[in-house]
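Note sheet for the following structure.
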Amino acid sequence: MRNRFTICLMLLAASVYGQDHRASSPWSRLTIKPAVGVLPWSLPVKALTSLSVEYPLKGNWVIGSHTMLASAVTRNTYNVETNYSLQFSQKFGIGYSMTGPRKFVRLTLLAMGGLRRIAFKETLDYPGLEKITTSSRTTMPDVGLLADWSLGRKRYTFNARVYLPFYPFEGYPLSTFQQISIESGVGIRLR
């Protein structure tokens, strides 16, 4: 009985696999966009790495995700040793994509929502005093607008994007300026 079930399952998988190669796969429309960038208004300026994934829906509508990793605090100031300092953000969203006349330039605007995790640990080592270590971790909402410009028509594109956060609300917009990110990288459409 098990052998028959296994053989039926293998035949079904082979049939589905054969159909997927004749017709275009839904994954072929997925675009992966790795990038590097900065948080320019945080002092000092902090570097970041990010990954944006976009999948086109019907018409010009797009769903996407944006993942970002950056430093949370300034590293190694006078008598302060930074053990670790991380800022991780994961957001998902939906938006609209507009193309230029020859479809060489594309602007995608995505309304994003997700979580931001900030964690750091520092040690104060001042001569004549006992070492003092402090650590902090917090998770907070991350809501904003992602604007992504793409140049190119083929499988590979050049991308530049800006993320404009809308949270925290206290002291807005000054409190969110430090979380604005400017990024650039490449876009790769899967085949």
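The values are calculated or read from the model by the stated rules, or taken from the named source; none is laboratory data. All values derive from a computational prediction rather than experimental measurement. As a convention, Cβ positions derive from the backbone with ideal geometry for all residues, glycine included, and neighbour counts pool all protein chains shown. With ligands, DNA and RNA removed, areas are computed over all heavy atoms of the protein, side chains included. Shrake-Rupley method; radii C 1.70, N 1.55, O 1.52, S 1.80 Å.
Selection of segment 74-94 for residues being open to solvent by 30 Å² or more (accessible area, probe 1.4 Å) and touching a residue at least 24 places away in the same chain (Cβ under 8 Å) yields THR74, ASN79, VAL80, GLU81, ASN83, TYR84, LEU86, PHE88, GLN90, PHE92, ILE94.
For segment 117-132, a tally of residues being of a type in the set (A, V, I, L, M) and open to solvent by less than 80 Å² (accessible area, probe 1.4 Å) returns 3. Here SER97, SER65 are screened, and the one residue that is in contact with a Phe, Trp or Tyr (Cβ under 6 Å, 6 or more places away or on another chain), on the phi < 0 side of the Ramachandran plot, of a type in the set (Gly, Ala, Ser) and modelled with pLDDT of 85 or more is SER65.
Scanning for something at pLDDT 90 or above, among the charged types (D, E, K, R) and assigned to a strand (DSSP E or B), does segment 76-90 turn up at least one residue? No, segment 76-90 contains no residue that is at pLDDT 90 or above, among the charged types (D, E, K, R) and assigned to a strand (DSSP E or B). Criterion applied to ARG106, ARG161, ARG116 was being more than 15 Å from the chain's Cα centre (by Cα), in a strand (DSSP E or B) and in contact (Cβ under 8 Å) with a residue 12 or more places away in the chain, and the one residue passing it is ARG106.
Looking only at residues of segment 22-33 that are modelled with pLDDT of 85 or more and open to solvent by 20 Å² or more (accessible area, probe 1.4 Å), we find that the one that is farthest from the chain's Cα centre (by Cα) is LEU30.
Candidates VAL53, VAL45, VAL36: the one that is open to solvent by 70 Å² or more (accessible area, probe 1.4 Å) and modelled with pLDDT of 90 or more is VAL36. Among the residues here, LEU129 does not qualify as in a strand (DSSP E or B) and either at pLDDT below 90 or under 23 Å from TRP61 (Cβ atoms) (or both). Looking at SER135, SER97, just one residue is surrounded by 16 or more Cβ atoms within 10 Å (Cβ to Cβ), free of Cβ contacts under 8 Å to residues at least 60 places away in the same chain, among the polar types (S, T, N, Q) and part of a strand (DSSP E or B), and that residue is SER97.
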